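For reference, the structure discussed in these notes is given below.
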Amino acid sequence: IQILHLHRHTLKPSTTHTTYVRGGEKPMEVSVSMSYAKYSWTKKSPFKLTGYVSKKKYSKESLALKACIKNPKCAGVTQEGEFDFKLNTGSLPVPAAEKTAYIKGGTALTSQGFTWSANEGYTVTKRLNKNTYDNRKKALKMCTKSKKCKGVVKTSKNKFYLVAEGSGKMEKKTGYKFYEAGGESEDLSGLSYTSTSDMVYATVIDKKEYKSLALAGAACAKNPKCKGINNVKGVFHLTGGSKMKPSKGEL
């Protein structure tokens, strides 16, 4: 093991010069929207969440996420090791090396080829335009057609309007519901998948290649170790683990 101490020098004040002290490389940040057990989650690494619901440790991602859904005090999950998942009370991610945060969102809705996080009792005031819609399906469809649309708000009068990207935080409001847009989704063999462009899972379960997404989806549904599917230039592989890495042109 090699340890490099780069902060051993004493710096002196200077009115005419600036010293830049070299640190380590900036860690790559990954943020992915996903749905699991009818809830939406934001997966961020390298980050952690603060505050523990309890000292209990879960060995699997699925067990921890299900436990978090059942516990009203749980705002998310942090993966602290390969088989070490803990429930958290805080929802604000904090940078943390070698850790992954799962921030719990609202119940997940799949519609118009996208996954939406349904946040009951919340609204966002900044509208994308002045249009109002009488039904949810129409509003969600119009949102998917605009790159500037962040989601859809249902008012207390059962009317719907589109929300602009960069419109700020959600605000509590009785009788309202905010549908936040997530990633594109695919339904395969009874399971829902959220696709993320330019990212792939780092761990491939085996070397078997599938020629279509449907075939890969059927195989993933039968394999308990399968966590997702990589699309590498039209060739599909089953993946496991939770770590992701950037890769242009792949899903």
Checklist entry - Just a yes or no: is a residue in the stretch 178-197 closer than 20 Å to Ser40 by Cβ and at pLDDT 90 or above? => result yes
Next on the checklist: If I filter the stretch 210-223 for residues that are in contact with a strand residue (DSSP E or B) (Cβ under 8 Å, 6 or more places away or on another chain), at pLDDT 80 or above, under 22 Å from Phe83 (Cβ atoms) and not in a strand (DSSP E or B), do I get at least one hit?
Outcome noted: yes
Item to check | Candidates Gly175, Gly166 - the one that is more than 16 Å from Met34 (Cα to Cα) and at pLDDT below 80 | outcome: Gly166
Checklist entry - Of the residues that sit in the stretch 133-152 and are over 21 Å from the mean Cα position of the chain (by Cα) and open to solvent by 60 Å² or more (accessible area, probe 1.4 Å), which one is nearest to Ala118 (Cα to Cα)? => result Arg136
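Taking the condition acidic (Asp, Glu) and surrounded by fewer than 16 Cβ atoms within 10 Å (Cβ to Cβ), does Glu120 pass?
Yes, satisfied.
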Checklist entry - Are there any strands (runs of 3 or more DSSP E) wholly within the stretch 12-112 with 1 or more residues that are open to solvent by less than 60 Å² (accessible area, probe 1.4 Å), modelled with pLDDT under 80 and hydrophobic (A, V, I, L, M, F, W, C), and if so which? => result 30-36, 100-111
Item to check | Within the stretch 153-175, considering residues that are more than 18 Å from Glu120 (Cβ to Cβ) and not acidic (Asp, Glu), the one surrounded by the fewest Cβ atoms within 10 Å (Cβ to Cβ) | outcome: Gly166
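The values are calculated or read from the model by the stated rules, or taken from the named source; none is laboratory data. Since this is a predicted model, take the numbers as computed values, not measurements. Every residue, glycine among them, receives a Cβ derived from its backbone with ideal geometry; neighbour counts consider all protein chains shown. For accessibility, only protein heavy atoms count, side chains too; no ligands or nucleic acids. Shrake-Rupley method; radii C 1.70, N 1.55, O 1.52, S 1.80 Å.
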